[in-house]
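Engineer: Sharing a structure, written as structure tokens. Questions coming.
Values in this text are rule-based calculations from the coordinates and carry no lab data. Note that the structure is a prediction, hence the values are computed from the model and not measured. Cβ coordinates were reconstructed from backbone atoms using ideal geometry, including for glycine residues, and neighbour counts include every protein chain displayed.
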Amino acid sequence: MSTSAAELVELLQKHKLRVISTTDLITLTGMSPWAATHALERMAVRGLLSRIKRGLWANRLVSDFNSYEVVSYLRLPWTTYVSLHSALADYGIVEEVPQIVYGISAALPKRYKTSVGEFHIHHLPERLIWGYETRKSGQGSYLMAEPEKAFLDLAYLALTPRSPLELPRKRGKNWELDIRKLGKYAKRFNYLPLRRWLKENRLWA
């Protein structure tokens with residue numbers, strides 16, 4: 001490992017950078033954009049970083065890295081949080097554990113295939129970007145929808161014409177959800193097909 005690479009590893013550790021952008025490196029070192037880009041690419045070749053997308057890298061030296069940590073960075077400056085099947089499986093509300101990480105953002109939808117996971121970011125209007133919280137994962141953290149919001153995000157999108165998503169499937173006899181909170185949140189969506197579907201499935205208090 002070259003001295004420059006060793007110094008960059010020390011920099012990552014000093015600032016506890018689990019995800020790093022080219023801009024981060026420029027700010028911390030004063031490198032030119034060209035030099036910063038090539039320094040990060042060299043680290044990736046050595047297996048120290050994984051490229052997420054242009055200008056964004058995951059630190060492979062972190063032993064407890066969770067792919068969910070990447071989601072918040074994918075559509076910056078828009079807020080993006082883990083939701084849909086990923087959040088519902090994490091909460092144990094649905095049985096299927098997806099191989100894809102699903103996120104929600106007000107940005108245009110986009111898909112990413114990376115060495116740390118495949119990510120599908122779906123669009124909701126800015127007025128529906130709420131109902132998420134910060135969750136810890138080892139030394140890292142990420143944004144995840146509350147159970148009821150993740151459920152409604154999925155139902156809302158699945159009920160939208162030409163949607164590639166399917167409505168959530170029940171695990172067991174009852175949904176493990178706070179029905180009062182579900183109804184309260186559903187009103188904020190203000191979407192008649194969603195309200196009708198919730199009533200048909202006895203999910204409207």
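Engineer: Please work out how much length the chain gains when fully extended from Arg54 to Glu95, using 0.36 nm per residue of separation minus the C-alpha to C-alpha distance, in nm with one decimal.
Structural biologist: Values: separation 41, 0.36 × 41 = 14.76 nm, distance 3.41 nm.
Value of the extension gain: 11.3 nm.
Engineer: Each residue of the range 102-116 in order: what ³J(HN,Hα) in whole Hz does its phi give by Karplus 6.51 cos²θ - 1.76 cosθ + 1.60, θ = phi - 60°, with x for Gly and Pro?
Structural biologist: Residue by residue, the range 102-116 yields 9, x, 10, 8, 7, 6, 4, x, 7, 10, 9, 10, 9, 6, 9 Hz.
Engineer: First measure r as the distance between the Cβ atoms of Trp34 and Glu7, then evaluate 1/(1 + (r/R0)^6) with R0 = 25 Å and state the FRET efficiency to the nearest 0.05.
Structural biologist: 0.90
Engineer: Related question: For the range 3-59, what does the relative contact order come out to in percent, with C-alpha contacts under 8 Å and a separation of six or more?
Structural biologist: After rounding, I find 38 percent.
Engineer: Moving on. Do the alpha carbons of any pairs in Lys16/Lys136; Lys113/Lys149; Lys14/Lys113 sit beyond 19 Å of each other, and which pairs? Don't jump to the answer; show the numbers that get you there.
Structural biologist: Numbers: Lys16/Lys136 15 Å; Lys113/Lys149 26 Å; Lys14/Lys113 29 Å.
From Lys16/Lys136; Lys113/Lys149; Lys14/Lys113, over 19 Å: Lys113/Lys149; Lys14/Lys113.
Engineer: Once all Cα-Cα distances of the range 1-110 are split into 5 Å bins that start at 0, what whole-number percent is in each one?
Structural biologist: Pairs per bin, as whole percents: 2, 11, 19, 20, 17, 13, 9, 6, 3, 1.
Engineer: When all alpha-carbon pairs of the chain are counted, what percent fall beyond 27 Å?
Structural biologist: I get 38 percent for the Cα pairs in the chain exceeding 27 Å.
Engineer: Given the range 68-200, what percent of its DSSP beta bridges are antiparallel, to the nearest 5?
Structural biologist: The answer is about 65 percent antiparallel.
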